[in-house]
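Colleague: Here you go, one structure.
The values are calculated or read from the model by the stated rules, or taken from the named source; none is laboratory data. If you're wondering where the values come from, they're calculated on a predicted model, not measured in any experiment. Cβ placement follows ideal geometry from the backbone for every residue including glycine, while neighbour counts extend to all protein chains displayed.
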């Protein structure tokens, strides 16, 4: 199949997932009704006969922001996962395993508990703190690994990230335990959820995710070169230090901001890039945007499952992605070992 | 012309290279010989600008540490051993990555016609044209090495630095690679400096030799003028000449069949 055809099919599948995510649930809303409701909301045109006002509210106030938020989150996580894997040259690396997610959630939890707001940047407080927490953790992980291992082997970085991630999670659990009044909110949020998302949050996230993914895509060729080894990349003309720092910071920004809004959701960042590489090959100019698309679509579906399978109970979406993701993680790891190729 | 003047370099824990001065005029190949740990690879890394140095490393009279990575990459390329391939790039895409520093940058940047032509040429000259759509993980070790050679050639450098590129190859592919590079610099414009463990293979690349020991160049020049059995024994800690003569005897008794 040609690349163009594959891309077209993927985009169509992504849109289909979004439609499913918005249409299915306690009330079914068909694409025709959806179009009418959106048109009425945007232009003020009256709703057509047979579309009750409650359906309109369900779509516009609940399902659409929720699905859009899920898509943006999945896209952010998957794109940053693809970047982490290539920068650290390890198929198991991701923002999740490197502690970006837990660092971001600790910072975000602190914001929720203290009610702290940044002056001037109110709407972005949670996002920026999540970003700072995530970036702080990943650089701490890299800094610590540099102490243990002068060559900064990528395995050391990943192991350190995992240990750090567990530690930060423990701190978060302690915080949660000591703040009874926010207990429910924090626990639910640690598992990740798209319940109660607003258009405003979507607006904040979209201003970060779209430029972020485009910028990462622009550095696709640098990432391609980096996967062949750092010296290779340097001697091919990549300003390695600058590019690497920027890529990690950008990946942390994407993950950190997504986590700050919706909580910790694992595995998407791991799965999406692998599936995409299977279909589209290794080139990051395609892998990054396609991972974003795939991750977004996957997240919308995961959220659909989370809110419908035990309806009316809203399951944590993190549990759904982990149910699919954990076996996949094992498959990537052990499958690779079994099929170990020449060095 | 690549020239080193009083170069010292190392890795944090002290210098590995001491006061290295040498020059590699365009249009020739050189090999660097010496026992393990004598600083051969470090010397290459300094010339490629991969690690910092004191003293001067001049490329046509210009100090390399002041150059941008892209400028340097357009003139000096490094070819090392095949690394692990993590992601399934195609042969074509991998060779195209060699054009990185020539390409237009930015989100909508990418290969121009000239880049595509260069890649086609490199694929053809390394015999990879038919494999261009194959993913790297479906290639044999020898094919993979040719892909990296094509990648290096696509970079279109003046100088290629070889860092043990033949380690995983069988004899046929080793000789092919070395002969190809030997021809590549026979045009008078290109230079190859190679670090190869296999002394015979190194001498096949070039008779111009730098002998190194403990981070210093001890002798430099044409192999026949500067090497004698006693010197080689002392340098390598074994009777190298005797060993080679012995092997030769073995080979001379092989029937033509």
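Colleague: Does residue A:235 count as touching a helix residue (DSSP H, G or I) at 6+ places or on another chain (Cβ under 9 Å), at the interface with another protein chain (Cβ under 10 Å from one of its Cβ atoms) and touching a residue at least 24 places away in the same chain (Cβ under 8 Å)? Write out each step before concluding.
Modeller: On the way: touching a helix residue (DSSP H, G or I) at 6+ places or on another chain (Cβ under 9 Å): yes; at the interface with another protein chain (Cβ under 10 Å from one of its Cβ atoms): yes; touching a residue at least 24 places away in the same chain (Cβ under 8 Å): no.
In short, no.
Colleague: Residues in the range B:220-242 that are in a strand (DSSP E or B) and buried (at least 16 other Cβ atoms within 10 Å of the Cβ): how many?
Modeller: Summing the residues that are in a strand (DSSP E or B) and buried (at least 16 other Cβ atoms within 10 Å of the Cβ) in the range B:220-242 gives 1.
Colleague: Which residue is surrounded by the fewest Cβ atoms within 10 Å (Cβ to Cβ), if the candidates are limited to the range B:146-171 and must be out of contact with any strand residue (DSSP E or B) (no Cβ under 7 Å at 6 or more places or on another chain), within 13 Å of another protein chain (Cβ to nearest Cβ) and over 22 Å from residue B:101 (Cβ atoms)?
Modeller: B:170
Colleague: So which residues in the range B:84-97 are assigned to a loop (DSSP other than H, G, I, E, B), at the interface with chain A (Cβ under 7 Å from one of its Cβ atoms) and touching a helix residue (DSSP H, G or I) at 6+ places or on another chain (Cβ under 7 Å)? Full working, then the answer.
Modeller: Of the range B:84-97, the ones assigned to a loop (DSSP other than H, G, I, E, B) are B:84-89.
Retained after the next criterion (residues that are at the interface with chain A (Cβ under 7 Å from one of its Cβ atoms)): B:84, B:86-89.
Scanning the range B:84-97 gives B:87, B:88, B:89.
Colleague: Which is part of a strand (DSSP E or B) and either within 8 Å of another protein chain (Cβ to nearest Cβ) or farther than 20 Å from residue B:195 by Cβ (or both), of B:5, B:105, B:70?
Modeller: Answer to the selection: B:5.
Colleague: Please pick out the residue among A:160, A:156, A:207, A:176 that is surrounded by 16 or more Cβ atoms within 10 Å (Cβ to Cβ), without any contact (Cβ under 8 Å) to a residue 12 or more places away in the chain and away from chain B (no Cβ under 14 Å).
Modeller: A:156
Colleague: Could you please let me know if residue A:229 is surrounded by fewer than 23 Cβ atoms within 10 Å (Cβ to Cβ), in contact (Cβ under 8 Å) with a residue 24 or more places away in the chain and within 7 Å of chain B (Cβ to nearest Cβ)?
Modeller: Taking the combined requirement at face value, the residue satisfies it.
Colleague: Check A:319, A:310 and return the single one that is touching a helix residue (DSSP H, G or I) at 6+ places or on another chain (Cβ under 7 Å), farther than 23 Å from residue B:88 by Cβ and surrounded by fewer than 20 Cβ atoms within 10 Å (Cβ to Cβ).
Modeller: Result: A:319 is the single residue among A:319, A:310 that is touching a helix residue (DSSP H, G or I) at 6+ places or on another chain (Cβ under 7 Å), farther than 23 Å from residue B:88 by Cβ and surrounded by fewer than 20 Cβ atoms within 10 Å (Cβ to Cβ).
Colleague: Something else now. Restricting to the range A:14-51, count the residues that are more than 27 Å from the chain's Cα centre (by Cα), surrounded by fewer than 18 Cβ atoms within 10 Å (Cβ to Cβ) and within 22 Å of residue A:307 (Cα to Cα).
Modeller: Number satisfying all stated conditions: 3.
Colleague: Pick from B:47, B:67: which is outside the structural domain of residue B:148 (by TED's automatic domain parsing), surrounded by fewer than 17 Cβ atoms within 10 Å (Cβ to Cβ) and under 23 Å from residue B:190 (Cβ atoms)?
Modeller: It is B:67.
Colleague: Can you tell me which of A:143, A:103 is surrounded by fewer than 24 Cβ atoms within 10 Å (Cβ to Cβ), assigned to a helix (DSSP H, G or I) and at pLDDT 80 or above?
Modeller: Step by step, each of A:143, A:103 is checked, and only A:143 is surrounded by fewer than 24 Cβ atoms within 10 Å (Cβ to Cβ), assigned to a helix (DSSP H, G or I) and at pLDDT 80 or above.
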